[in-house]
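The values are calculated or read from the model by the stated rules, or taken from the named source; none is laboratory data. Values in this document were obtained by computation on a predicted structure and should not be read as measured data. Reconstructed Cβ throughout: ideal geometry from the backbone, glycine too, with neighbour counts over all protein chains shown. The area values use the complete protein model at the heavy-atom level, side chains included, leaving out ligands, DNA and RNA. Shrake-Rupley method; radii C 1.70, N 1.55, O 1.52, S 1.80 Å.
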Amino acid sequence: MNALLQRLVSPLKKRKWFAGRYRMIRRLGTGGMADVWLAKRDDGRPVAIKRILGHLDDDASVRLCFRDEARLGQMLNHPNLVRQLDHGYVGDAPYITFEYIDGMSLRQLAELAHGAGTTLPMGLCLRLVAETAEALDHAHKACDADGMPLNLVHRDISPDNILIDESGTAHLADFGVARADCNQRITANGSLCGKLAYMGPQQASAEQVDHRADQFSLAVVLF
């Protein structure tokens, strides 16, 4: 009887673990290509896990985006960037593990202020944008292992991708549509990446862009 019970219960226990070391807690959000989950490592540390949406598992373009994002994450390290901790596969499906920022996005913070009938203080806005600019400067100047510039452009600077921790520090997130010289996936001509409301005219016209596109988008965020 005990042996039968063990056989029935063991598969249920295994389902709770992801990649053999993460316990999935709850979904934090869903985008066009992936969802992000709050999870805990086997040592109890909270992390955020980004996974391809199930119906896109076989999409080669999406899989290349994930590989590019994981590769870039290994070359970026700044206190105002959401830090990549791990990446790998479960079966054939890739995932990326990030540090968990316990807080809210800049959009959520602004909406919270709006709901309370007020606006964010100018000093806070300037500091959060300045911290994000520091993170961007690091990303724009980043080089590969051979010292060659990545010529990285984030291409999705928006209040949704600026996360604020409990201490009030800003962390830039989501390099999922970033362009860099080391990318395996090449964005097709005429394709738009990012959120239209924050794009500069060149990016909105699907032209070739450089770091100035991110600076324009960050200025729109501040505005």
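Before moving on, here are some points about what is shown:
- The listed residues are His154, His140, His211, and the only one of them that is open to solvent by 40 Å² or more (accessible area, probe 1.4 Å), in contact with a helix residue (DSSP H, G or I) (Cβ under 7 Å, 6 or more places away or on another chain) and touching a residue at least 60 places away in the same chain (Cβ under 8 Å) turns out to be His211.
- In summary, Gly117 fulfils each of the numbered conditions (1) over 24 Å from Met24 (Cα atoms); (2) free of Cβ contacts under 8 Å to residues at least 40 places away in the same chain; (3) buried (at least 20 other Cβ atoms within 10 Å of the Cβ); (4) not acidic (Asp, Glu) with the single exception of condition (3).
- Lone qualifier among Ala180, Ala188 - being modelled with pLDDT under 95, surrounded by 15 or more Cβ atoms within 10 Å (Cβ to Cβ) and over 16 Å from Val129 (Cβ atoms): Ala180
- Residue in segment 154-161 that is more than 25 Å from Leu53 (Cα to Cα) and under 15 Å from the mean Cα position of the chain (by Cα) present: no
- Selection of segment 29-58 for residues being surrounded by 14 or more Cβ atoms within 10 Å (Cβ to Cβ) and of a type in the set (D, E, K, R) yields Asp35, Lys40, Arg41, Lys50, Arg51, Asp57.
- Options Ala133, Ala93, Ala110; residue that is closer than 26 Å to Arg155 by Cβ and modelled with pLDDT under 95: Ala93
- Val90 vs. criteria within 20 Å of His171 (Cβ to Cβ), out of contact with any Cys (no Cβ under 9 Å at 6 or more places or on another chain), open to solvent by 30 Å² or more (accessible area, probe 1.4 Å) and among the β-branched types (Val, Ile, Thr): no
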